[in-house]
Amino acid sequence: MIYMLDTADINAIRKAVDLYPLAGVTTNPSIIAKENRPLKEILLDIRECLGQDKMLHAQVMGKDADTMLKEAQALKALDSNIIVKVPVTPQGIKAIKLLAQEGIRITATAILTPQQALLAAKAGAEFLAPYVNRLDNICSDGVDVAAEIVTLLNNYQLDAKVLGASFKNVQQVHKLALAGAHSVTVAPDVFDLLLTHPLTDSGVAGFVSDWERVYGEGTNVLDAL
């Protein structure tokens, strides 16, 4: 499983890089706009926080393929390791073909059906981002859609990876992992919950209580050896 953080909040990114086995950060236009700063400044700050070895995804905004191509080229000029997000509209699929020919890494985004994902993979996208919670919100099943995408990729031996997106709870992330998705991008509040369980907290508290009763408050193994 490849874990990514879905945010442009530098403090949240810094915390996640420090604590978790994070592979990168994804952004989208809404996430970027929430920061209310120049795009270049945001992306450079995120890259500095991530280092060069982790992935950074940023989305184009053009309505036609030629504009999307120019946007992607500008993003790559800013950050040579960037992965460009392109929505799976007809013009977006055309843009994915053009970008793939230039060797620019691509995430196909705003995926709501398996066929959108399959077309994007055939066009040259490296990551395919189905919107899990948005599908759940319209009485569909986001995990089932993602699982069908995994099946299609396996059937046709395509190298693209499913990048599950739009989560509102840990159960959605868990079910997607069980379905064989290759990667997920999760907002900071949900990401933290991946490790949360009251019995873990109480178990650790019990260890501390038993230890400190014998070895003293605030001590650790180094003190006891």
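Quick note: the coordinates plus some simple rules give every number you see, no bench work behind them. Not measured: the values here are computed from a predicted model. Note that each Cβ is placed from the backbone with ideal geometry, even for glycine, and that neighbours are counted across all protein chains shown.
Please go through region 62-91 and write out the trypsin sites (Lys or Arg not before Pro) that DSSP classes as loop and that have at most 14 other C-beta atoms within 10 Å.
Working: sites: LYS63, LYS70, LYS76, LYS85; in loops: LYS63.
When the trypsin sites (Lys or Arg not before Pro) of region 62-91 are filtered for loop state and at most 14 Cβ neighbours within 10 Å, LYS63 remain.
For the chain, adding -39500 (n - 2.57) for each run of n ≥ 4 DSSP H residues and dividing by the number of residues yields -16000 deg cm²/dmol at 222 nm. Length gained on full extension, THR151 to ALA224: 21.0 nm, using 0.36 nm per residue less the C-alpha separation. Of the residues LEU39, LEU195, LEU50, the one that moves most in a GNM of the chain with alpha-carbon contacts below 10 Å is LEU195. Counting other Cβ atoms within 10 Å of each Cβ, which chymotrypsin sites (Phe, Trp or Tyr not before Pro) in region 144-224 have at most 12 and sit in a DSSP loop? Those that pass, being in a loop and sparsely packed, are TYR156.
Please work out how much length the chain gains when fully extended from LEU19 to SER202, using 0.36 nm per residue of separation minus the C-alpha to C-alpha distance, in nm with one decimal. The partial results should precede the final answer.
Values: separation 183, 0.36 × 183 = 65.88 nm, distance 2.08 nm.
Here the answer is 63.8 nm.
Taking region 91-108 and a reference point 7 angstrom along Cα→Cβ of ASP66, the backbone N atoms nearer than 19 Å belong to 91-102.
Projecting the Cα atoms of ALA146, ALA179, GLY218 onto the dipole axis of the chain, where Lys and Arg carry +1 and Asp and Glu carry -1 at the beta carbon, places ALA146 farthest toward the positive end.
Bridging of LYS94 to lysines at a Cα separation below 16 Å is possible for LYS63, LYS70, LYS85, LYS122, once same-chain residues fewer than 8 apart are set aside.
Which longest uninterrupted range of the chain lacks any GluC sites (Glu not before Pro) assigned by DSSP to a loop state (not H, G, I, E or B) and surrounded by at most 16 other Cβ atoms within 10 Å?
Details: sites that count: GLU102, GLU217.
Segment 103-216 is the longest.
Set the Förster radius R0 to 41 Å, insert the Cβ-Cβ distance between LEU112 and ASN36 as r into 1/(1 + (r/R0)^6), and round the FRET efficiency to 0.05. Using R0 = 41 Å, I get an efficiency of 0.90.
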